[in-house]
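Structure, as structure tokens:
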Amino acid sequence: MLYHLLFPLHDRFSALNVVQYITFRTAAASLSAFAISLVCGPILIRKLREFQIGQVIRLEGPQSHKTKAGTPTMGGLLILVAALTPTLLWAKLDNPYIWIAMLSTTLFGAVGFADDYLKLTRRNHHGLRPRYKMGWQIVVATAVGLVLLYLAQSGAYNTRLIFPFFKRLIPELGWWYLPFAVFMLVSITNAVNFTDGLDGLAISTFAIAAAAYTALAYVTGHRMLADYLLIVRFPQSGELTVFCGALVGASLGFLWFNSYPAEIFMGDVGSLALGAALGTVAILIKQELLFGIVGGVFVAEALSVLLQISYFKATGGKRIFRMAPLHHHFELSGWSEPKVITRFVIAAILCALMSLTTLKLR
Ligand code: 57M
């Protein structure tokens, strides 16, 4: 919004010229998001405690989690406000990608909010029935996919699939892109959701992935860099750099309070929204499969669940891991919670760096 208000004045006030640069607006969005988090965080925590909106701990979980009962949850509301407000302030609002990213994030967050609300009112960890929770995620993801197909018809998007490392392998999926996009969006969202099981684990690994996508969005939208790196370029996708910058700032701000020992949990309203934000950006900048590297920690967490459940069913009750997702396995192997988190963050940083090197290794 500020771009549309301030840039027209740059003839009279030359300093305002700076608002035309994505880099400036991304930095401003990131800092604004961080500031909003730090100011609003304590207020929200106080309010959540006042209304006793606290986490119900699952009985079958690790014993060490029992002390977390009652921790204020639904902190994802803070993340959403801290990320969307700066995006509305600093991004060009005539860019359809910005609106797709914000709406997808908000609608997945709404599904998570409904789940959190039901858990709180029922005072147990059963929120939305799994079929409804998954069903609504598929409905929202399908809506996003249909909008992308519509944009593809007008040339503002394309339904090709980009493979990391293989610059000439870019098959046209056509209508098949719809189920692919739905699968990607729902899978990434649930992978982030599974990861949110230790203090600061999901938000810190998310911040690292969002930082990588900030760089990827900038390069994808930058004429010279995209051509030099032979990346499928959409001028519109560059503006997503501002949205990603806001996500990074909001994540670091939430991590301020969610770091061990957590004063607040994000809840499903946060984990589903963050997963959708990452998945939507990955799809919009045509770096869908690269998420396998950028979000390597999320992929490992989700795979550990799939392997654990499949093996459990196949062997009539045996387990591969002490407990899934993966972070619980290491917890039950004797690693302290901060040690699990720190080592997962190190892995996330390595994944993000590797993902950026793939731009050149093609
Ligand atoms: C998301 N939610 C946390 C918090 C957070 C199929 C199965 C793998 C599903 C999975 C599951 O239920 N995942 C849901 C994980 C929960 O966190 C809340 O949920 C929100 C995110 N959705 O914001 O509100 C607990 O995680 C801990 N936590 C922290 N710090 C944080 O900053 O300590 C969360 C955030 C919180 C708190 O204890 O209560 C969760 O774990 O439920 N199930 C599991 O993850 C369970 N695994 C399991 O059952 N494994 C089985 C099979 C099914 C694979 C097995 O290994 O055989 C584990 N999680 C828990 N208890 N809590 C184990 C049982």
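Readers should treat all values here as calculations from the given coordinates under stated rules, not as data from a laboratory. Only a predicted model underlies this, so the values are computations on that prediction, with no experimental measurement involved. Cβ sites come from the backbone with ideal geometry, for glycine too, and all protein chains shown count toward neighbours.
Could you rank the peptides 224-232, 239-247, 135-143 by their average count of other C-beta atoms within 10 Å per residue, with the highest value first? Spell out each step's value before the answer.
Working: 224-232: 14.4, 239-247: 30.7, 135-143: 18.0.
Ranked by mean Cβ neighbours within 10 Å, highest first: 239-247, 135-143, 224-232.
Rank by packing, highest mean first: peptides 62-68, 284-290, with packing defined as the count of other Cβ atoms within 10 Å averaged across residues. Could you put the intermediate results ahead of the total?
Details: 62-68: 13.3, 284-290: 23.6.
Going by the mean number of other Cβ atoms within 10 Å, highest first, we get 284-290, 62-68.
Highest GNM mean-square fluctuation, the chain, Cα pairs closer than 10 Å: which of T205, T342, T220?
T342
Could you work out the local net charge near N193, counting Lys and Arg as +1, Asp and Glu as -1, over the other residues with Cβ closer than 15 Å to its Cβ?
Details: positive: R58, K119, K133; negative: D115, D116, D196, D268, E301.
Once all neighbours under 15 Å are counted, the net charge is -2.
So which helices of the chain fit the span-like rule, where a helix is a whole DSSP H run, its Cα atoms reach 20 Å or more along the axis, and its mean Kyte-Doolittle is at least 1.0?
76-90, 177-195, 201-221, 240-258, 267-284, 296-314, 337-357
Can you list the chymotrypsin sites (Phe, Trp or Tyr not before Pro) in the stretch 9-95 that are in a DSSP coil and have 15 or fewer other beta carbons within 10 angstrom?
Details: sites: F13, Y21, F24, F34, F51, W90; in loops: F13, Y21, F51.
Taking the stretch 9-95 and a limit of 15 other Cβ atoms within 10 Å, the loop chymotrypsin sites (Phe, Trp or Tyr not before Pro) found are F13, Y21, F51.
I'd like the distance separating the alpha-carbon centroids of the stretch 128-174 and the stretch 279-301, in whole Å.
13 Å
For Y228 and I320 in one chain, what is 0.36 nm times their gap in residues minus the Cα-Cα distance, to one decimal in nm? The partial results should precede the final answer.
Working: separation 92, 0.36 × 92 = 33.12 nm, distance 4.49 nm.
Here the answer is 28.6 nm.
Place a +1 charge on the Cβ of each Lys and Arg in the chain and a -1 charge on the Cβ of each Asp and Glu, then give the dipole magnitude about the Cα centre in debye, rounded to the nearest 20. Provide the component values of the computation, followed by the final result.
Working: 29 positive and 17 negative charges, 125 e Å.
Using Cβ point charges on Lys, Arg, Asp and Glu, the chain gives about 600 debye.
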